[in-house]
Amino acid sequence: MNNSNSVMDRISLTRRHLLGTLAVAAASAIPIAAYAQAAAAASSSATAQAIADHFSSVATMQGEFVQFGPRGEQTGGKFYIQRPGKLRFNYDNPSPIRVIADGKNVAVGNMKLKTWDLYPLSKTPLSLLLAQRIDLSAGSVKSVKQESDLTTIALGNNTIFGNSTITMMFDPKTYDLRQWTITDNQGKDTSVMVFNVKTGMQFDNKVFRVPYEVIPGTAAYRD
């Protein structure tokens, strides 16, 4: 009987040690896993900021683009960017559309109808793309995704842009911008793929000039 009790005691003791060891192992694994996740997130953020810094360092760029609208429509043309805040899209015929950002506003013109719509640049996600420096520590980062052939950075600010976001896609090796997608407040996407990109050129001021003189109610913006 004593031998039986002794065996049972040893089994019970061994079991308690095993359970205790598993508990310690499980408890110790939690901070290790959390640390690994935090380290991976920090590495991802550092890479994303390096890419953003590289893109921000490009003061001027021009090239060609293909735009895909929310209904599947496809258009192309030429684009021009001058940091901070300036952009121009000239769409190929037969599209009559022009888009110009002059650092203050974004103007969308229909050359056929001779009409213009005006939006404050600061209220559109384009302001993030065209900023002097894209600061990913400023709380505007929605997500960062790293893949072997693409690094994707989604930016937004609910207070300023509502549910609108801009998602930029970069080559992970060269850090070159490949595409951006603007998602509006209705969840509709407009994507722009860029190619034949050149950098470092100088533009005439007329490239980014908004024709305020023909847009009603814009006297305050006129030179």
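For region 176-189, putting each phi into the Karplus relation 6.51 cos²θ - 1.76 cosθ + 1.60 with θ = phi - 60° gives couplings of 6, 6, 10, 6, 9, 10, 9, 9, 7, 5, 8, x, 8, 9 Hz, in residue order, rounded to whole numbers and with x for Gly and Pro. In order along region 57-64, the Karplus-derived 3J(HN,Hα) couplings, from 6.51 cos²θ - 1.76 cosθ + 1.60 at θ = phi - 60°, round to 6, 7, 6, 9, 7, 8, x, 10 Hz, and Gly and Pro are given as x. Which entries of Lys104/Lys173; Lys112/Lys206; Lys112/Lys145; Lys114/Lys142 have Cα-Cα distances beyond 30 Å here? Over 30 Å apart, Cα to Cα: Lys104/Lys173; Lys112/Lys145; Lys114/Lys142. Computed from backbone phi, the HN-Hα couplings of region 110-124 come to 10, 5, 6, 8, 6, 10, 9, 10, 10, 9, x, 4, 5, 9, 10 Hz, rounded to whole numbers (Karplus: 6.51 cos²θ - 1.76 cosθ + 1.60, θ = phi - 60°; Gly and Pro given as x). With all pairs of separate Cα atoms included, region 56-216 yields a Kirkwood hydrodynamic radius of 16.3 Å. Remark on Ile134: its backbone amide H falls under 5 Å from those of Ser56, a criterion applied only to residues 5 or more positions apart or on other chains, H modelled at 1.01 Å from N.
Each reported figure results from applying straightforward, stated rules to the coordinates on display, with no laboratory input. Every value quoted in this text rests on a predicted model; they were computed, and no experiment measured them.
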